[in-house]
1. Tell me which aspartates and glutamates have Cα within less than 14 Å of K402's Cα, excluding those fewer than 8 residues away on the same chain?
2. Normalized C-alpha radius of gyration of segment 35-146, against 2.2 N^0.38 Å?
3. Please report, in Å, the Rg and the Dmax of segment 336-385, where both are computed over Cα atoms only.
4. What whole number of Å gives the distance from the Cα centroid of segment 72-92 to the Cα centroid of segment 203-237?
5. What order do you get for 380-393, 136-149, 353-366 when each peptide is scored by the mean count of other beta carbon atoms within 10 Å, highest first?
6. Looking at G188, Q135, S172, which one has the Cα that reaches farthest to the positive end of the dipole of segment 121-239 (charges on Cβ: Lys, Arg +1; Asp, Glu -1)?
7. Can you order the peptides 236-247, 69-80 by their average number of other Cβ atoms within 10 Å per residue, highest first?
8. Using just the helices of the chain, give the 222 nm mean residue ellipticity in deg cm²/dmol: DSSP H runs with n ≥ 4 each add -39,500 (n - 2.57), and the total is spread over all residues, rounded to 500.
Amino acid sequence: MLTPDLIEKLSAIVGANHALTSESDIAPHLLEPRGKFSGHSPLVLQPGSTEEVSAILKLANETGTTIVPQGGNTGLVGGQMPAGDVVLSLSRMNRVRHLDAADSCITVEAGVILHNAQEAAAAEGLIFPLWIASQGTCQVGGNLATNAGGINVLAYGNARDLCLGLEVVLASGEVWNGLTSLRKDNTGYDLKHLFIGCEGTLGVITAASMKLLPAPPDRATVFAALPSPVEALELLSLVRRMSGNAVVAFEIMPRSGVEMSIKHGGCRYPLAAPSDWYVLFELAGFDAEGDMNGKATGILEVAFEEGLVSDATIAASTQAAQDLWRIREAMSEVQRLEGGSIKHDISVPVSKVPAFLDEATVLVEKMLPGCRPVPFGHIGDGNIHFNVSQSADDDKEAFLAKWQEVSAAVHETVRKYGGSISAEHGIGTLKRDELAATKQPVEMAMMHGIKQLLDPKAILNPGKVL
């Protein structure tokens, strides 16, 4: 029971101004972006330091008080929603502690907004290449807790691949300072990987050391029309081969999704005529000739000759490139304006993407007559956001009521192709009960064992992942 006395003790750790107890103050922490998950909590704590997080968890562990860590509240699987638990908001811990250009490393607190970390790197002529649609509000701690992906995974990897070290507060209140700028350290188990992707169930990330890279001086952004995902994969191979593997992003979009972005997202159609499928790709590098546009032109000439693309445009300016990317970035947000949308964040081996899309599309069209599949995303690494929008005649609530049934069928198809039911959004509560069908029993046993070791009283984000 969270008694008044315990609330007072927890609040005293952060100060009365940073302990939220009124319904209006707590409300923004209780609903996730899609509105699918909501929560309830009597208390939101906003610590300003690692020491305060440590004191909170020490007291919570002693009293059996459950804690839900929360960053920018941009998660899409319910992992940040409390069910009567205390919310631990990391937003006040938003300092860039250190940036070393020589080490190509930035150390940030968990509450630093991703865009702000990118800006700090840019001021030194460097890039922090984690790039996702919510970067204006999501926080680095949450990015790591969910192992965020995004459009640049093809070149730079997930959040996990960009992390050099962590500072983590354990359930006991103990602080592990694993912050480092080392690229090589083989002294035993690499413990940071336990906490990256754990969704706050094993410890609370309070700071991280992240890799930075030189900013490529030359870029080319290409929007191309093509017949199907088969040609998209052939084009990807061509782009990699002819660019010297300078491709940093390669996204696929269906006609349905592009039309939604144009209708609702303030976007303009960049080509002469519509097509069933499109790709948006970007080249970046340090070409001695400084001509990525020239490389893109050469690639498209071959692509036209081989019948891979029917039309294409190369962005002539930074603004033109941003306009092309807006079509892709708006695709998630505009679907809600078309009614109900059943969403899946899946991955399959890159070579299997076309076959999966064919089979899964037929499947959902049979289950939901008249629906509009909107599969889009990171075809270069096999991660597709397989979303399904209702028809104009469907009742939204009746359509969304079929979410679990449709997802179970789609995820079974994913497993058939050796894929993952969660490519970059995490498990949270949305996919928790499906996890055992995806993992081997020995994997589940190891995960439960790790949870028991690090959080024996199960105070950290209970009911999530496991």
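The values are calculated or read from the model by the stated rules, or taken from the named source; none is laboratory data. Computed from a predicted structure; not experimentally measured. Backbone-built Cβ (ideal geometry, glycine too); neighbour counts: all protein chains shown. Quick note on the areas: whole protein, heavy atoms, side chains included, nothing else; ligands and nucleic acids left out. Shrake-Rupley method; radii C 1.70, N 1.55, O 1.52, S 1.80 Å.
1. E365, D394
2. Working: Rg = 15.4 Å, N = 112, 2.2 N^0.38 = 13.2 Å.
So the Cα radius of gyration is 1.17 times the expected 2.2 N^0.38 Å.
3. Cα radius of gyration and Dmax of segment 336-385 are 11.5, 33 Å respectively.
4. What the calculation gives is 28 Å, centre to centre.
5. Values: 380-393: 20.7, 136-149: 25.8, 353-366: 18.2.
Averaged packing, sorted descending, gives the order 136-149, 380-393, 353-366.
6. Of the listed residues, the answer is G188.
7. On the way: 236-247: 17.5, 69-80: 25.4.
The packing order, highest mean first, is 69-80, 236-247.
8. Values: 17 runs with 164 residues, N = 466.
Taking each H run of at least 4 residues, the total per residue is -10000 deg cm²/dmol.
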